[in-house]
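Input: one structure, supplied below.
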Amino acid sequence: MNELKRASRECVNVSGCLAGGTRAHRRCKSLVAAALVAAVASAGISISARAEHAGAVRIMTQNMDEGTDFTELVAATTPAAFAAAVTTTYQNIVATKPAERAAAIAHEIAREQPDIIGLQEASILRTGAVAPATNVQSDLLQSLLDNLSQLGQHYSVVAIVPGLDAEAPSTLGFDVRLTTQDAILVRSDWASITFANNHTQHYLTNFVAMTAVGPITLPRGWASIDVTIGGRTFRFVTTHLDTPHPDTLAAIQLAQVKELIPAAGNTTLPVVFSGDFNATADSATDPTFATYQAVINAGFVDAWSTKRWRDPGFTCCQAANLKNPSSSLNHRIDLILFRGAFGITDIHLIGNNSSDRTASGLWPSDHAGVVATLNIPDTGSFRLTAGTPHLQK
């Protein structure tokens, strides 16, 4: 706050300032305004993109990491082994300290001040003696909202994509229930942001895991809202595509993205797709690159590769236990892609530096987040030809 103190001293010394002299008064206001900006910047808090650029929107996508990839459950070959795997899964999730990590992500959001956030793996862990288990052990989404509120940051959940909601006995004497979900959050304390046409949808194609207790379907989907900021409207979409599996490779996620494009993209509005695509955008030789290419071929632009093409922008993945001392991010799979005449003011990663780790030494997530400031097209000057992805005058 040294800048603010210096500005105050100078204001006191400016002749006529306190008496309301016009020129001195303007000088005083300018000094204090500049000092406040400097003070906010030094505190690590970003000024809203909309305050800097009329018709701009700041977007964030973040996989929160539910703390498991289910490998133990899939590997179990008997019901007894499956129960032991449930125990391991539960213990692994608890060990990642979801509430602590949600608090770290909340601080990142407070610093970045996004208008819209797409979250993946904002999951809930419950336990109980009988089904349905109701004792909440961790709730990533609620913990995030609680911490944001404590920081004076106000966001509303405007869409939730329900995922897996599965419960099974453990070897600990209680059932373990995991509810996976994705969500869209919108800043709720800025009246200039309005939204409409909330929509969620599951994919028809989903991975079915064959386990010792029977087949388990891992449902995935997408959510969208039409957002208006500064009189300009666009559609925001978040999704979490399937992870490639040894037997299916990228076939399922490719089928999902081919559902996503004509469904969520069925609008004359400019569109932003965001989320964890599980598609390696940085390697054309990776089997999942076909998923990424399908979106590009549909007329979408990759904000990262357009603005920061020299930077690999790796977003995945840290160690499963989140304890690796140095970042192990080595692929870019968390993406912000758009269709329409958006401008890109900035795009950068968050949660990818060692200084972002929690007091326990954990990474906030196994994924880095992506934050982009986009200039929204003036839809009054463009029209989207039906059935094509190209904007025309």
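The values are calculated or read from the model by the stated rules, or taken from the named source; none is laboratory data. Just so you know, these numbers come straight off a predicted model, no measurement behind them. Reconstructed Cβ throughout: ideal geometry from the backbone, glycine too, with neighbour counts over all protein chains shown.
Of all residues being within 22 Å of ALA103 (Cβ to Cβ) and hydroxyl-bearing (Ser, Thr, Tyr) in segment 128-147, which is surrounded by the fewest Cβ atoms within 10 Å (Cβ to Cβ)? Just the residue, please.
Among residues in segment 128-147 that are within 22 Å of ALA103 (Cβ to Cβ) and hydroxyl-bearing (Ser, Thr, Tyr), the one surrounded by the fewest Cβ atoms within 10 Å (Cβ to Cβ) is SER143.
Kindly evaluate ALA196 against the criterion of being in the same structural domain as GLU259 (by TED's automatic domain parsing), in contact (Cβ under 8 Å) with a residue 60 or more places away in the chain and part of a strand (DSSP E or B).
Taking the combined requirement at face value, the residue does not satisfy it.
If only one of THR239, THR217 is at pLDDT 95 or above, within 18 Å of THR200 (Cα to Cα), among the polar types (S, T, N, Q) and in a strand (DSSP E or B), which one is it?
After applying the criteria, what remains is THR239.
Right, something else. Only residues that are among the hydrophobic types (A, V, I, L, M, F, W, C) and outside any helix (DSSP H, G or I): list them for segment 65-83, please.
PHE70, ALA76
crowded, with 16+ Cβ neighbours inside 10 Å, closer than 26 Å to VAL272 by Cβ and among the small types (Gly, Ala, Ser): does that describe SER156?
Taking the combined requirement at face value, the residue does not satisfy it.
Next up: Pairs under 6 Å by beta carbon, first residue more than 21 Å from VAL161 (Cα to Cα) in segment 201-216, partner surrounded by fewer than 16 Cβ atoms within 10 Å (Cβ to Cβ), six or more apart or different chains?
Pairs found: ALA212/THR77; ALA212/THR78; ALA212/PRO79; VAL213/PRO79; PRO215/VAL208.
Would you mind finding the one in THR61, THR78, THR68, THR87 that is among the hydroxyl-bearing types (Ser, Thr, Tyr), farther than 21 Å from ILE216 by Cβ and touching a residue at least 24 places away in the same chain (Cβ under 8 Å)?
Of THR61, THR78, THR68, THR87, the one residue that is among the hydroxyl-bearing types (Ser, Thr, Tyr), farther than 21 Å from ILE216 by Cβ and touching a residue at least 24 places away in the same chain (Cβ under 8 Å) is THR61.
Among the residues of segment 326-335, is any over 26 Å from ASP69 (Cα atoms), over 20 Å from the mean Cα position of the chain (by Cα) and not in a helix (DSSP H, G or I)?
Within segment 326-335, none of the residues are over 26 Å from ASP69 (Cα atoms), over 20 Å from the mean Cα position of the chain (by Cα) and not in a helix (DSSP H, G or I).
Each row is one residue, and each column tells you yes or no for (1) in contact with a Leu (Cβ under 6 Å, 6 or more places away or on another chain); (2) without any contact (Cβ under 8 Å) to a residue 12 or more places away in the chain; (3) not in a strand (DSSP E or B).
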residue	(1), (2), (3)
ALA122	yes, no, yes
ARG126	no, no, no
VAL130	no, no, yes
LEU141	no, no, yes
ALA168	no, no, no
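What residue, of GLN142, GLN120, is touching a His at 6+ places or on another chain (Cβ under 6 Å) and modelled with pLDDT of 95 or more?
Just one listed residue meets the conditions, GLN120.
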